[in-house]
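Encoded as C-alpha cells, the structure appears first; notes follow it.
The values are calculated or read from the model by the stated rules, or taken from the named source; none is laboratory data. This structure is a prediction, so every number in the text was calculated from the model and none was measured. Methodologically, a virtual Cβ is constructed for each residue, glycine included, from the backbone with ideal geometry; neighbour enumeration extends over all protein chains shown.
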Amino acid sequence: MSKRLSPQLQHITEDACCETHLEPIQLFCDVDQITLCSKCFQSQEHKHHMVCGIQEAAENYRKLFQEILNTSREKLEAAKSILTDEQERMGMIQEEEQNFRKMIESEYSMRLRLLNEECELNLQRERECMSDLNLREGLLNQAIKLATELEEMFQEMLQRLSHVGTENMKKLKENEARVSEQICSLQKLTTELEKKCGEGALALLKNAKYSLERSRSLLLERLEPAHITDLSLCHIRGFSSMFRVLQRHLTLDPETAHPCLALSEDLRTVQLRHGQQDGAGNPGRLDFSATVLAAESFTSGRHYWEVDVEKATRWQVGIYHGSADTKGSTARASGEKVLLTGSVMETEWTLWVFPPLKRLFLKKKLDTVGVFLDYEHGQISFYNVTETSLIYTFSHCAFQGALRPVFSLCIPNGDTSPDSLTISPQYGPSCDATVSP
C-alpha cells in the first residue's frame, strides 16, 4: 500500500530550485527518484508515492551506501586473499606434479625390478626341472610382454598426470584473471562509494537507487578458489605378484606396547584397553602415543605386510627407527618415523602421510593397508589393498640401522572405543625378517 508522508520542510544548503515552479527543493520522491518542491508535492502525480524530506532521504541512502561500502571493503580483502592463494597454488601444484611424477617413476622401477626377479625365479625353477627350451623361451617372451605392458601402463599414467596438471594450471590462471578483474571492479566501486558517502544531500540522492542496485549486483558476483582435480586421483593401479612372496609374518612386541593398548594372544591384533595399566618395569615401552612396534625388524631386503584398519577410527601404520630402550617419553618420541595416518570424524574420512605432513584424497574409507619396504633402494610404499592401488610412496630414503613396523591407534585421551588394528595373515612363504630375500 502506497503511503504519502506529510514531511516537515527542511532547509538544505544547496542552492536548488524547482525548474517548474521556481520554488526551493526540499522533498524527495523515492518512487520516481526525483527532488520536489512544495507545489510538486501537492500534485496528483505524487499523491500515492513515498515522499520525505531531502535530509531524511539523504541520510537513509547514506546509511545504505555505507553498509555496501563496508561489504565492498570486506569483499575486496577477500578477493586479494584469494588471488594470493591462487598464485601460491600455481607453484604448489607444479611441485606436487613433480612429486607425483617421481612417485610414478619410482613405483615403475620397483615393479620392473620385482618383475625381473620373478622371471628369474621362474626360469630357475624350469632349469631345475630340466624343462625344454621351448618352455623357457615362452617364459622369456611372457616376461618381455609383461615388461612392455608395465611400461605402457606407467607411460599412460604419466600422460594422465601431465594432462591433469595442465588442466589445473589452466583453471588457476583463468581464475587468477577473473579474480584480478573483480579486484579492479571492487576497488573502483569502493572509491565511488567513499565519494558518494561524502557528498551533500542533493548530489547523494542523484541516481541513488540506480547506484545502490548497481553496487549490490557487483557484490553478488561469487568469489571462490578454482576447483581443480586432486593429483592423488591419478591412482597407480595394480599390485606386484611378488608382494605375496615378500609378505612377512609379523607379530606385535608386548614390551613396546603403550599402557592403554591390549594385545591379542596371537600378538596380531591391538586394541584400546578399558583400564590403562602401569607400564613400569618395561624400559622399552613407548609412552609418546598409543603405539606398539612389531617384534620383527628389518636391516636389509624387501618386505611386505598388510594391516586391517577397518575397525579403527584413528590409526597409523608405517616404520619406526629409534631406540626403544631409553627411559623417558621425550627420547622415545624423537625416533624417526614414516607414517600413513587415517581418521574418521562422523562421515568425513581423512588420510595423511608423514614426513612432511601431507593430506591425501581418498573417496572412501580404507579397509586394508599394504606396506612395502625396499631397504636398499630407500623406498616405502603404502597401498589400498581393497582397490589394489598405490596410496603414496616415499623414495630415496636414507635408511640406517634396524627398521621396525609401527602400529598406532593414536592418542586415546581416555577414549574406550573398540578400535583395533590387525596384522593380516601371511600368504607367502615364511622368511627371516632380518635377512634380504
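Of the residues making up the range 193-218, those that are of a type in the set (Asp, Glu) and closer than 16 Å to Glu67 by Cβ are Glu194, Glu213. Checked against (1) at pLDDT 90 or above; (2) at negative phi, Ala226 passes all but a single condition, namely (1). Which residues, counting only those in the range 291-308, are outside any strand (DSSP E or B) and within 27 Å of Glu387 (Cα to Cα)? Listed by number, the list holds a single entry, Gly301. How many residues, within the range 67-102, are at pLDDT 90 or above and of a type in the set (Asp, Glu)? Result for the range 67-102: 6. With the requirement that a residue be under 28 Å from Val344 (Cα atoms), touching a Ser or Thr at 6+ places or on another chain (Cβ under 9 Å) and not acidic (Asp, Glu), what does the range 305-322 give you? Once the filter is applied, which keeps residues that are under 28 Å from Val344 (Cα atoms), touching a Ser or Thr at 6+ places or on another chain (Cβ under 9 Å) and not acidic (Asp, Glu), the range 305-322 yields Trp305, Val307, Val309, Lys311, Ala312, Thr313, Arg314, Trp315, Gln316, Val317, Gly318, Tyr320. The C-beta contact set for the range 150-169 (first residue in contact (Cβ under 8 Å) with a residue 24 or more places away in the chain and assigned to a helix (DSSP H, G or I), second residue surrounded by 15 or more Cβ atoms within 10 Å (Cβ to Cβ) and of a type in the set (Asp, Glu), distance under 6 angstrom, 6+ apart or interchain) comprises Gly165/Glu97. The set of residues from the range 204-223 being over 30 Å from the mean Cα position of the chain (by Cα), part of a helix (DSSP H, G or I) and in contact (Cβ under 8 Å) with a residue 12 or more places away in the chain comprises Leu204, Leu205, Ala208, Lys209, Tyr210, Ser211, Leu212, Ser215, Arg216, Leu218. Selection of the range 298-317 for residues being of a type in the set (Gly, Ala, Ser) and under 15 Å from Gln247 (Cα atoms) yields Ser300, Gly301.
Lys188: under 30 Å from Gly91 (Cα atoms), among the basic types (Lys, Arg) and loosely packed, with under 14 Cβ neighbours inside 10 Å, yes or no? The answer is yes for Lys188.
Of everything listed in (1) of a type outside the set (Lys, Arg); (2) in contact with a His (Cβ under 6 Å, 6 or more places away or on another chain); (3) under 26 Å from Phe361 (Cβ atoms); (4) at pLDDT 90 or above, the single unmet condition for Ser389 is (4).
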